[in-house]
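Report on the following structure.
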Amino acid sequence: METKARRVRSKHWKRTWLNAAVSAQDGSVDDFAANRLAYASANDRKETVNAALHLERCLELIGLLGSSIQDLVVLEAAVFTAWFRKDAVTAQKWLAQVKRLKAVPQSMRVPADVAMTCARKEFDPALRRWQEGFAFIEQLPATSVREKLRASFLEWRAEIEERQQAEVGPQTLAPEALGVGDTRSQP
């Protein structure tokens with residue numbers, strides 16, 4: 001049976017609890033875990049400065065972790081850099097540090113692919129990859145976790161489309177498209 005706490009999306013976690021958890025900076029695995037949770041919450045709230053601070057702390061403590069968890073943290077650094085910083089070059093450098101990318105679960109690879117593609121301003125391929133990720137989520141068992149993922153993914157699609165629209169900007173139409181025709185033949 002799921003507890004109510006499991007149904008609360010990370011952006012709604014109590015900040016006082018997160019602040020208390022990250023206050024004990026003792027260089028332990030618990031220090032890492034607290035910053036990982038604080039990062040997830042700040043990221044979900046789109047608080048990039050706060051999220052970056054917690055992600056940096058996680059990266060400082062990465063040596064405490066096993067190689068598979070290290071890969072996930074480095075992959076998250078690539079995603080953060082691509083999505084929030086819109087820096088495809090630096091994000092690719094982070095991605096190159098992931099030792100076993102194929103071992104990373106699809107649920108983590110899809111966001112990485114989408115963020116990297118968006119950073120390169122290739123929005124149509126990003127939306128296709130997003131659709132693959134959404135189809136994967138739709139096949140998961142109906143749980144509150146799936147519903148949180150689904151809601152988050154739908155919000156993300158809207159953000160991708162906003163970026164795409166901002167990149168494309170208002171379309172400039174040729175005079176003939178406006179019904180003006182060729183003005184050279186008019187007196």
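The values are calculated or read from the model by the stated rules, or taken from the named source; none is laboratory data. What you see is a predicted model, and the numbers here were worked out from it, not measured in a lab. Glycine gets a Cβ as well: all are built from the backbone with ideal geometry, and neighbour counts include every protein chain shown. All accessible areas refer to the heavy atoms of the entire protein, side chains included, with ligands and DNA or RNA removed. Shrake-Rupley method; radii C 1.70, N 1.55, O 1.52, S 1.80 Å.
Inside the range 16-46, can you point out the residues that are loosely packed, with under 15 Cβ neighbours inside 10 Å and either modelled with pLDDT under 90 or not in a helix (DSSP H, G or I) (or both)? Answer for the range 16-46, where residues must be loosely packed, with under 15 Cβ neighbours inside 10 Å and either modelled with pLDDT under 90 or not in a helix (DSSP H, G or I) (or both): Thr16, Trp17, Asn19, Ala20, Ser23, Ala24, Gln25, Asp26, Gly27, Ser28, Lys46.
A count restricted to the range 6-15 and to residues that are open to solvent by 100 Å² or more (accessible area, probe 1.4 Å) and either more than 22 Å from Lys148 (Cα to Cα) or part of a helix (DSSP H, G or I) (or both) stands at 4. If the requirement is being open to solvent by less than 20 Å² (accessible area, probe 1.4 Å), of a type in the set (A, V, I, L, M, F, W, C), at negative phi and modelled with pLDDT under 95, which of these qualifies: Val110, Val114? Selected residue: Val110, the only one of Val110, Val114 that is open to solvent by less than 20 Å² (accessible area, probe 1.4 Å), of a type in the set (A, V, I, L, M, F, W, C), at negative phi and modelled with pLDDT under 95.
Regarding Arg120, is this residue within 30 Å of Val8 (Cα to Cα) and of a type outside the set (A, V, I, L, M)? When the stated conditions are applied, Arg120 does not pass them. Pairs meeting the criteria (first residue in the range 96-118 and closer than 14 Å to Thr81 by Cα, second residue open to solvent by less than 20 Å² (accessible area, probe 1.4 Å) and aromatic (Phe, Trp, Tyr), beta carbons under 6 Å, at least 6 apart or on different chains) are Val114/Trp130; Ala115/Trp83.
For (1) at pLDDT below 95; (2) surrounded by 11 or more Cβ atoms within 10 Å (Cβ to Cβ); (3) on the phi < 0 side of the Ramachandran plot; (4) in a helix (DSSP H, G or I), each residue gets a yes or a no:
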site	(1), (2), (3), (4)
Leu149	yes, yes, yes, yes
Phe153	yes, yes, yes, yes
Trp156	yes, yes, yes, yes
Ile160	no, yes, yes, yes
Pro170	yes, no, yes, no
Pro187	yes, no, yes, no
